[in-house]
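Take a look at the structure below.
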């Protein structure tokens, strides 16, 4: 994207069998002093072919320029610098889902997805996971079994966790939100030798609507989505960001200064019927 605020992508001809989506968000921040923010709200470049896209950033109703930076797995970060005042961000994208590409061997990518990380300290869970998940079958079903275990183990409860909670904190609390479900899934998969990472997505069908987080696991053939929270059909998810955990995929990161989020609204729909997802079959994201 990288153009001035209000920039709109041009129309492109897409495959007729691709699923159409419309996603977006509105964020409002109070900025008491000059601040630099990194936004991770744009649809990943791999997710689909966009018919239209807009990003509008204003500070006290004055336009703020943004700079786009490409990151892992097609992610797109937008950097902005603003002065004190109310910072308003509006993003919208309409497009069609891309076909899932054939998997490419990438041992380095899988190695990173096996290591412990800030919110997924899988090294602390190795003994527990080996004992608790002894039932998990080998093969592609292994990670799905972990997701089913997390679904049974945790209660979904809004406001039950804090921004610093790790997968271990979530396990001990026995409850959390989608990010916590995804972190525990990722950590437990890594603890039993399954490469796993976190993906932030727009999720048509999610209720209450918000940004959503799921796990993405390598099954030996492909990267597959595991959503232990089971709050939205995986087939209609639209990738935003991919990383080791939420530290890599936050929708906003304050790099200097300070900014307090006052309000947020997220929108995600498919232009048709939502698909049915029994959470059993293999689903991969473009």
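The values are calculated or read from the model by the stated rules, or taken from the named source; none is laboratory data. Owing to the predicted nature of the structure, the values given are computational and were not obtained by experimental measurement. Note that each Cβ is placed from the backbone with ideal geometry, even for glycine, and that neighbours are counted across all protein chains shown.
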Out of all the residues in segment 195-229, which are within 18 Å of residue 124 (Cα to Cα) and either free of Cβ contacts under 8 Å to residues at least 12 places away in the same chain or surrounded by fewer than 24 Cβ atoms within 10 Å (Cβ to Cβ) (or both)? 195
Residues (closer than 20 Å to residue 230 by Cα, under 18 Å from the mean Cα position of the chain (by Cα) and at pLDDT below 95) located in segment 148-176: 158, 161
For segment 49-61, name all the residues that are at pLDDT 95 or above and either touching a helix residue (DSSP H, G or I) at 6+ places or on another chain (Cβ under 8 Å) or surrounded by fewer than 16 Cβ atoms within 10 Å (Cβ to Cβ) (or both). 52, 60
If we scan segment 129-136, do we find a residue that is under 26 Å from residue 231 (Cβ atoms), over 22 Å from the mean Cα position of the chain (by Cα) and exposed (fewer than 14 other Cβ atoms within 10 Å of the Cβ)? yes
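Being modelled with pLDDT of 95 or more and either touching a helix residue (DSSP H, G or I) at 6+ places or on another chain (Cβ under 7 Å) or not in a helix (DSSP H, G or I) (or both) is the requirement here; does residue 225 meet it?
yes
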Going through 76, 92 one at a time, which residue ends up being out of contact with any helix residue (DSSP H, G or I) (no Cβ under 6 Å at 6 or more places or on another chain), surrounded by 14 or more Cβ atoms within 10 Å (Cβ to Cβ) and either free of Cβ contacts under 8 Å to residues at least 12 places away in the same chain or more than 29 Å from residue 165 (Cα to Cα) (or both)? 92
Of 186, 217, 199, which residue is under 18 Å from residue 38 (Cβ atoms) and either modelled with pLDDT of 95 or more or under 14 Å from the mean Cα position of the chain (by Cα) (or both)? 199
What are the residues in segment 17-29 that are out of contact with any helix residue (DSSP H, G or I) (no Cβ under 7 Å at 6 or more places or on another chain) and farther than 19 Å from residue 91 by Cβ, if any? 17, 18
Checking residue 99 against (1) part of a loop (DSSP other than H, G, I, E, B); (2) more than 19 Å from residue 221 (Cβ to Cβ), which test does it fail? (2)
Taking segment 175-193, which residues are closer than 23 Å to residue 142 by Cβ and either in a loop (DSSP other than H, G, I, E, B) or touching a strand residue (DSSP E or B) at 6+ places or on another chain (Cβ under 6 Å) (or both)? 178, 179, 182, 185, 186, 189, 190, 192, 193
